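Here the structure is laid out as structure tokens; the discussion comes afterwards.
The values are calculated or read from the model by the stated rules, or taken from the named source; none is laboratory data. Keep in mind that what you see is a predicted model, and the values were worked out from it rather than measured. Every residue, glycine among them, receives a Cβ derived from its backbone with ideal geometry; neighbour counts consider all protein chains shown.
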Amino acid sequence: MINASLPELRRALDARQISAVELASLFLDRIDALNPALNAFITVDREGALDAARAADARIASGSAGPLTGIPLAHKDVFCTEGVLTTCGSKMLANFVSPYDAHVVSLLKAAGAVSLGKANMDEFAMGSSNESSYYGAVKNPWNLERIPGGSSGGSAAAVAARLAPVATGTDTGGSVRQPAAYCGITGIKPTYGLVSRYGMIAYASSLDQGGAFGASAEDCALLLSAMTGFDERDSTSLERPTEDYAAALAAPASARPLEGLRIGLPREFFAEGMADDVRAAIEAALDQYRALGATTVEVSLPNAKLAIPAYYVIAPAECSSNLSRFDGVRYGHRAAEYGDLADMYAKSRAEGFGAEVKRRILIGTYVLSHGYYDAYYLQAQRLRRLIAQDFQAALQQCDLIAGPTTPTTAWALGEKADDPVQMYLSDIYTIAVNLAGLPGLSHPAGFGADGLPVGLQLIGDYFAETRLLNAAHRFQQATDWHARRPGCVA
Ligand code: GLN
């Protein structure tokens, strides 16, 4: 059961081979056994999970189960959960019990999914290694000395180590795709606006987007289908009919299921910068795509190299504004001793935020300040437009864009902890996608020289989620990279 796909779990639950309570207990016991080493969870909600599982069993018995009824999952601790601690990986929110559910959380509750708890993450989703969490680093299940990626590192590690069959995440600059790649699982970040940001603690609102982690594209499709949908409480939520992403994968397998699919390979992604072992795995995966009927064509994203500088102006600018709400007054950490009101704000924020968060707030206030706004912020917004236009031009020549998710496999814990710029560069292939608001997916595509997973990224036009998931699904029907598990999965 630990390794079962979501459709297999569905069949087992519906056939009463296992109850939702038994299934939840199985995963909760695994969390008890393995989480001390992995640190993938900040909060484990055993009681809440068992209550939800009992309700799911009743629903299954009454014949009204949906695709996710009784399916256990983990929520990234960026999503507000009513009555359950929501820390966002920060000391600032170490005592914050949310009075309401995020839209994503209520949708999944309504679907009958069983939340096991809250997954560890970089503080306020700022980071690429999960080392900025106040609750300690998450370990990569494939090698406990390596980072799992970030910022949704806890969600990715939990799914890879089978502490949960699927998990939610958020992706502002790569935080679903990058940890999915490093942990050897599949992750999708949909088109900006498809998943409501209501109750998803804000980092950079014009970039933040909820996404799904699973072992396979099929599992991601099932989870994502239940996460999307219009929400009037998010002003950027898109009003369009929800899609059943999983149904679109049901077409029968054939020898060349991707016949006619044109895959664009951005010259800039395949230039220098990609490690040799990653390149070898990606090239082999692309051969597999060709064997399935796809054709490849070289495309160009000439401004892609400007994505990181643009992002590290825009994201800090937005975060400096979003995080101003954490002032020690209404909720969150408040310093024990202070003088006047200004001193209380200053001390509470100085104590509550970690170094990376402070660095970004400072950069953000700087680029937004009078005299620098035009030079930095407006300039970054112009680059953002150019980057989006590059993608549109490239997508005229192809149906999907493919390349590596990351330049290397997961690095050693601590290796880049003191070098923020090196850390930022690890998102070189993912960040441009957020700036353009496009959907992106990462799926396992082999292993590097050190035995760690390599991820292949697929990027599509707006609302091309089905196309991305279908391409990955066909690849996974023909290969078994996604079925490989780290040693801790017996
Ligand atoms: N690593 C990037 C950052 O630190 C992206 C994080 C994310 O997507 N939340 O901002």
message = For the stretch 180-222, which positions are more than 11 Å from the ligand (Cβ to nearest atom) and of a type in the set (Ser, Thr, Tyr)?
response = TYR182, THR186, THR191, TYR192, SER196, TYR198, SER205, SER206, SER216
inquiry  = Every residue in the stretch 356-387 that is within 16 Å of the ligand (Cβ to nearest atom) and out of contact with any Pro (no Cβ under 9 Å at 6 or more places or on another chain), please.
reply    = VAL357, LYS358, ARG384, ILE387
note = Residue hits (the stretch 1-52; of a type in the set (Asp, Glu) and in a helix (DSSP H, G or I)) are GLU8, ASP14, GLU22, ASP29, ASP32, GLU47, ASP51
note = Of the conditions (1) within 30 Å of ALA94 (Cα to Cα); (2) out of contact with any strand residue (DSSP E or B) (no Cβ under 9 Å at 6 or more places or on another chain); (3) within 16 Å of the ligand (Cβ to nearest atom), the single one that ALA410 does not satisfy is (2)
remark   = Note on the stretch 282-307: residues polar (S, T, N, Q) and closer than 16 Å to LEU456 by Cα are GLN288, THR296
query = Looking only at the stretch 429-453, which residues are over 16 Å from the mean Cα position of the chain (by Cα) and either more than 14 Å from PRO179 (Cβ to Cβ) or surrounded by fewer than 18 Cβ atoms within 10 Å (Cβ to Cβ) (or both)?
reply = ALA436, ALA445, GLY446, PHE447, GLY448, ALA449, ASP450, GLY451
key: Odd one out for ARG177 among (1) basic (Lys, Arg); (2) within 23 Å of TYR311 (Cβ to Cβ); (3) away from the ligand (no atom under 12 Å from the Cβ)   = (3)
query = Which residues, taken from the stretch 157-172, are within 12 Å of the ligand (Cβ to nearest atom) and of a type outside the set (Asp, Glu)?
reply = GLY169, THR170, THR172
note = Filtering the stretch 404-415 down to residues that are crowded, with 22+ Cβ neighbours inside 10 Å and part of a strand (DSSP E or B) yields PRO404
query = Hey, any hits in the stretch 363-373 for a residue that's farther than 22 Å from SER151 by Cα and buried (at least 18 other Cβ atoms within 10 Å of the Cβ)?
reply = yes
request  = Restricting attention to the stretch 423-432, report how many residues are more than 9 Å from the ligand (Cβ to nearest atom) and part of a loop (DSSP other than H, G, I, E, B).
outcome  = 2
note = Considering residues that are of a type in the set (Ser, Thr, Tyr) and assigned to a loop (DSSP other than H, G, I, E, B), the number found within the stretch 160-184 is 2
inquiry  = Return the residues of the stretch 219-257 that are more than 16 Å from ALA464 (Cβ to Cβ) and within 16 Å of the chain's Cα centre (by Cα); say none if nothing qualifies.
reply    = ASP219, LEU222, LEU223, ALA226, MET227
query = Of everything in the stretch 253-276 that's charged (D, E, K, R) and closer than 28 Å to ILE387 by Cα, which residue is modelled with the lowest pLDDT?
reply = GLU272
inquiry  = Take VAL313 and tell me if it is in a helix (DSSP H, G or I) and either within 16 Å of the ligand (Cβ to nearest atom) or over 30 Å from TYR376 (Cα atoms) (or both).
reply    = yes
message = Need the failing condition index for PRO72 against (1) surrounded by fewer than 24 Cβ atoms within 10 Å (Cβ to Cβ); (2) closer than 18 Å to ARG10 by Cβ, just the number.
response = (1)
request  = Scan the stretch 90-126 for residues that are away from the ligand (no atom under 16 Å from the Cβ), assigned to a loop (DSSP other than H, G, I, E, B) and surrounded by 24 or more Cβ atoms within 10 Å (Cβ to Cβ) and jot them down.
outcome  = GLY112, ALA113
ask   = Out of all the residues in the stretch 302-309, is one or more farther than 29 Å from GLY446 by Cα, within 15 Å of the ligand (Cβ to nearest atom) and not aromatic (Phe, Trp, Tyr)?
value = yes
request  = Could you figure out which of (1) within 14 Å of the ligand (Cβ to nearest atom); (2) under 30 Å from GLY448 (Cβ atoms) isn't true of PHE270?
outcome  = (1)
ask   = Can we say PRO420 is within 12 Å of the ligand (Cβ to nearest atom) and in contact (Cβ under 8 Å) with a residue 60 or more places away in the chain?
value = yes
message = Here's a check for you: in the stretch 327-357, which residue that is among the aromatic types (Phe, Trp, Tyr), over 22 Å from SER128 (Cβ atoms) and at pLDDT 95 or above is surrounded by the fewest Cβ atoms within 10 Å (Cβ to Cβ)?
response = TYR338
request  = Collect the residues in the stretch 254-269 that are closer than 20 Å to ALA432 by Cα and surrounded by fewer than 16 Cβ atoms within 10 Å (Cβ to Cβ), keeping them in residue-number order.
outcome  = ARG267
key: Matching option when the condition is outside any strand (DSSP E or B), more than 23 Å from ALA20 (Cα to Cα) and among the polar types (S, T, N, Q), among THR87, THR69   = THR87
message = So, in the stretch 433-470, how many residues would count as being within 16 Å of the ligand (Cβ to nearest atom) and part of a helix (DSSP H, G or I)?
response = 4
ask   = Out of curiosity, is TYR135 away from the ligand (no atom under 16 Å from the Cβ), under 20 Å from ILE31 (Cα atoms) and of a type in the set (Phe, Trp, Tyr)?
value = yes
message = Show me the strands (runs of 3 or more DSSP E) found entirely inside the stretch 185-284 where at least 3 residues are touching a residue at least 12 places away in the same chain (Cβ under 8 Å) and under 29 Å from ALA4 (Cβ atoms).
response = 186-189, 210-214
inquiry  = For the stretch 20-33, give me each residue that is buried (at least 18 other Cβ atoms within 10 Å of the Cβ) and touching a Lys or Arg at 6+ places or on another chain (Cβ under 9 Å).
reply    = ALA20, VAL21, ALA24, PHE27, LEU28, ARG30, ILE31
